[in-house]
Structures are given as structure tokens and as C-alpha cells.
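No lab work stands behind these numbers, since they all come straight from the coordinates. Computed from a predicted structure; not experimentally measured. With ideal geometry, Cβ positions are generated from the backbone for all residues, glycine too; neighbour counts draw on all protein chains shown.
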């Protein structure tokens, strides 16, 4: 694997409306998404787009182990006076899938879903997300265990497992009336495989500056185990597996699928 191919390593207030005299920011539509995709595929470098592979199941079944992604590094970049009209930028929104440097160890890269933006109030009750006082429909979430965990599924509460110091700080300083309140410059993120995801519940907020970009497209998906994908180097065993089983273990139906967020309100 060349040096430009980085691996995603996974362990397993509501924004005020713009004043009326401001023109609304352009939004990416279907045509714009494909235009950006083609431009990045043809001319992109590591400054525009970066490749990642998913080695664990924390985002199942939205993203599967072995999904190879291209990540748009411009999506959340600060817009310039000219570039904002060529490649419309957006702020991170609730429901966006984001790629970011793991706050506990920035040498690792994670992919999760942005659940809360600054000012949002978040809690979980028996696995159900309560966002700003409202129960939220999350069609992308999978609960793969039947039991209810006192901390994982009724959050925030008293941790029953080890959590990072940054999570301890979140629980000590950013909980109000039984809800986590997302501070400025931060994002609260969770995995779609909600019962098997090491996420903001266990290591706190994602600093805005840690966000690399948003997954744009699955350019290849290969059915391989975590141990074959988590190591930065490609093992001989994995190479042999590719040679022997490339046609049958490639998930052809996922190839060139665009990746979309899901708006949360």
C-alpha cells in the first residue's frame, strides 16, 4: 500500500438562521456531488482527496469492514471568496459521516457519524437518542445486542468501564440536567453500530480542528477480516487472498456507491 493510502482505524446549538440580508450558502445537490467526485477522481491529490479503508465494524451496516473510501478533504474547509462558488462548503451538520483524527491519539483516524454540534443537548435512554429534548429517528442505527448497558445505552451516567480522561472531563464539566451539552468548536460523534462502537461516549468530543473531511464514495469493497486490514502493511496472506478470491470476495454492488449523511433534527 502506498503512502497516500491511509487506513481508518476503529476500535470496536442548533445553528442560528442567517439574517435575512445574507444570501443563503449554496448546498451540494446530486449533480454537484457527482461533479466534485469526478473532479477529485481525475485531478485529486492528497490535498483534495484521500483514500481510507474500514477495518472494523463500528459503522455497520452503513460502512462495512473492507470498504475502501475516498474522503473529500475540502467539504468542511473554510471557504474562500472565489472557491466557495466553485466547490460549495458546508459546516458539519448533525447526521454527517465524518473522518477525523482520534482525539486520544491523533496518529489514528476514525470515521463516525456527527450526532451533536455546538449547543446541542444529548442523552440516550434505553438506546434511544434524545437530541435537544426530542426523540430522534435513526434509520441507520443497528443494535446488535439485546441487553441494555447502564452506561452505553443510558448516557450520560456513571461509567462502568474505563473511559479516557477527555470523556471524564466531558462528564464532569459538560453535563447539564442529565444531558451532555456540546461546547463550541466540538462535535459529538457515535458509530452506527451503536452497541459496538468506541465513540464520544468513551473519549469525549471531537475537536473541530481534528476533522479531515467527509467520505465521498466507496471505490472498492472487499470482504476481508479486520486483522488483514488494520495493519498498515499488506501481509503475504492478504495478497494471496486477493489473488485467489478477488472476483468472488469483491462486493461489486457497493462499488462507486456515494456516501450520504442523514439529517437529524
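Just a few scattered comments:
- With 0.36 nm allotted per residue and the present C-alpha distance subtracted, the residue 104-residue 132 stretch has 7.4 nm of extension available.
- Taking a point 7 Å out from the Cα of residue 226 in the direction of its Cβ, the residues of the range 190-214 whose backbone N falls within less than 20 Å of it are 190-204.
- Shape call, the range 91-225: gyration tensor on alpha carbons, a/c limit 1.5: rounded
- Sites residue 249 and residue 125, calculated FRET efficiency, Cβ-Cβ separation with R0 41 Å, nearest 0.05: 0.55
- Three semi-axes describe the equivalent ellipsoid of the range 83-153; taken as square roots of 5 times the Cα gyration tensor eigenvalues and ordered largest first, they are 27, 18, 12 Å.
- P(r), alpha carbons of the range 163-257 - 5 Å bins starting at zero, rounded %: 2, 10, 14, 15, 15, 12, 11, 10, 6, 4, 1, 0
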